[in-house]
Amino acid sequence: MTQVRHGGSPGRERDGTHGRKRGGKGGGKGGAEQVMVPDADFTSYYGRPIVKPAPWEDDIAYYLFTGGVAAGSALLGAGADLTGRPGLRRVARLGSLGGLGLSIGFLVHDLGKPSRFLNMLRVAKLTSPMSVGTWILSLHGPFAGLASAAEVVSMLPAPWQRVGPLRLVSFLGRPAGLVGALTAPPVAAYTAVLLADTATPAWHSAHEELPFVFCGSAAAASGGLGMLGSPVAEAGPARAFAVGGAVVELVAERRMEQSMGLSAETLHQGTAGRWMRAATGLTVAGAAGALVGRRSRVVSMVSGAALMAGSLCTRMGVYKAGMASARDPKYTVVPQRERADRGYRGKARP
């Protein structure tokens, strides 16, 4: 609930002047508008947030980042496998396995009990992004894990690879990798839908562009990982993936800020602002390095690390901005008031 604080009666605001009285005849020199009462000051009772901040710790931001790396790496690994780039395939598959394991670990740690994750699988609720995301992750995980296991088997001595179960794992590596690649884009995007489906002002107002920001960020990070660990001669697809992802992320982020309205302020202020500025600088520098350092192992590694760091900063910035918008009643009340004023003016037209 909100309070409207001013010196006059609430009914005076219906003309959209917010407690101002127009001069008209005798309203001052030249009929100029005179302020009779101060502008309305919108706040909440006792200064408490109107929207309850999400009960999450920073683990969720790390979960968003590692899940994106896992999804992008699974897609990149499948492409490397089909085009005969074993070095890039190895880095991408192991990166997918590591990212997936870390993301599940961060999620379970935030939930408090592993059983809570398993309980989400008891029901499939299409109207719940959390439920849908849990099922998407559960579908993607085993196939991506099997493809990564096949990569581990390929690193063993040749006689061991011919042992019955291990030979079967090697045989299933490519099909499992392809299924993992098909399920990777939803894994990268659903976390954005999960945030946007909440009442948190900054996240909800970004619901159209945030999935593109997160998918671009995932591609930039996983491409950066490929550049960081694979031979330069095989890193071409990783560079293209990283640069393309960086462009999508930066463009979608600018469009997102334009559509967010007042809540876009949170992306430029305080802790969130520092994270977002670092994200932009690192992503631009990493993409530029990927373009100019194609033959340099050192430049490729530095650029890849910058892209991964930029992706992490993007997730942290968006996460912190959402938390800040939930704590400040302004980002809930002012947009509501603007929508109400527009509706009132629309009804008042003859």
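Here are some notes:
- Filter result for residue 188 (touching a helix residue (DSSP H, G or I) at 6+ places or on another chain (Cβ under 6 Å), closer than 14 Å to residue 144 by Cα, of a type in the set (Gly, Ala, Ser) and buried (at least 18 other Cβ atoms within 10 Å of the Cβ)): yes
- Scanning the range 55-81 for residues that are among the aliphatic types (A, V, I, L, M) and either at positive phi or open to solvent by less than 20 Å² (accessible area, probe 1.4 Å) (or both) returns 60, 61, 64, 69, 70, 71, 74, 76, 78, 80.
- You will find that of 212, 241, the residue that is without any contact (Cβ under 8 Å) to a residue 60 or more places away in the chain, closer than 30 Å to residue 85 by Cβ and not charged (D, E, K, R) is 212 and no other.
- Residue 314 open to solvent by less than 40 Å² (accessible area, probe 1.4 Å), out of contact with any strand residue (DSSP E or B) (no Cβ under 6 Å at 6 or more places or on another chain) and not in a loop (DSSP other than H, G, I, E, B): yes
- Residue tally, condition surrounded by 24 or more Cβ atoms within 10 Å (Cβ to Cβ) and farther than 15 Å from residue 140 by Cα, over the range 164-185: 0
- Condition broken by residue 324, with the remaining ones in (1) more than 20 Å from residue 239 (Cα to Cα); (2) surrounded by 18 or more Cβ atoms within 10 Å (Cβ to Cβ); (3) free of Cβ contacts under 8 Å to residues at least 24 places away in the same chain satisfied: (3)
- Condition met for residue 259 (surrounded by 24 or more Cβ atoms within 10 Å (Cβ to Cβ), in a helix (DSSP H, G or I), hydroxyl-bearing (Ser, Thr, Tyr) and in contact (Cβ under 8 Å) with a residue 40 or more places away in the chain): no
- Among the residues making up the range 191-218, those that are polar (S, T, N, Q) and either in a helix (DSSP H, G or I) or surrounded by fewer than 19 Cβ atoms within 10 Å (Cβ to Cβ) (or both) are 191, 198, 217.
- Exactly one residue among 279, 252, 272, 221 is open to solvent by less than 30 Å² (accessible area, probe 1.4 Å) and either touching a residue at least 60 places away in the same chain (Cβ under 8 Å) or of a type in the set (S, T, N, Q) (or both), and that residue is 221.
- Among the residues of the range 135-160, those that are open to solvent by 60 Å² or more (accessible area, probe 1.4 Å) and either modelled with pLDDT under 85 or part of a helix (DSSP H, G or I) (or both) comprise 135, 139, 142, 143, 152, 159, 160.
- Those residues of the range 82-105 which are more than 10 Å from residue 226 (Cα to Cα), touching a Leu at 6+ places or on another chain (Cβ under 9 Å) and either of a type in the set (A, V, I, L, M, F, W, C) or surrounded by fewer than 24 Cβ atoms within 10 Å (Cβ to Cβ) (or both), in sequence order: 82, 100, 104
- Within the range 291-311, being open to solvent by less than 20 Å² (accessible area, probe 1.4 Å) and modelled with pLDDT under 95 holds for 293, 300.
The values are calculated or read from the model by the stated rules, or taken from the named source; none is laboratory data. All values derive from a computational prediction rather than experimental measurement. All Cβ positions, glycine included, derive from the backbone under ideal geometry; neighbour counts span all protein chains shown. SASA here: full protein model, heavy atoms, side chains in, ligands and nucleic acids out. Shrake-Rupley method; radii C 1.70, N 1.55, O 1.52, S 1.80 Å.
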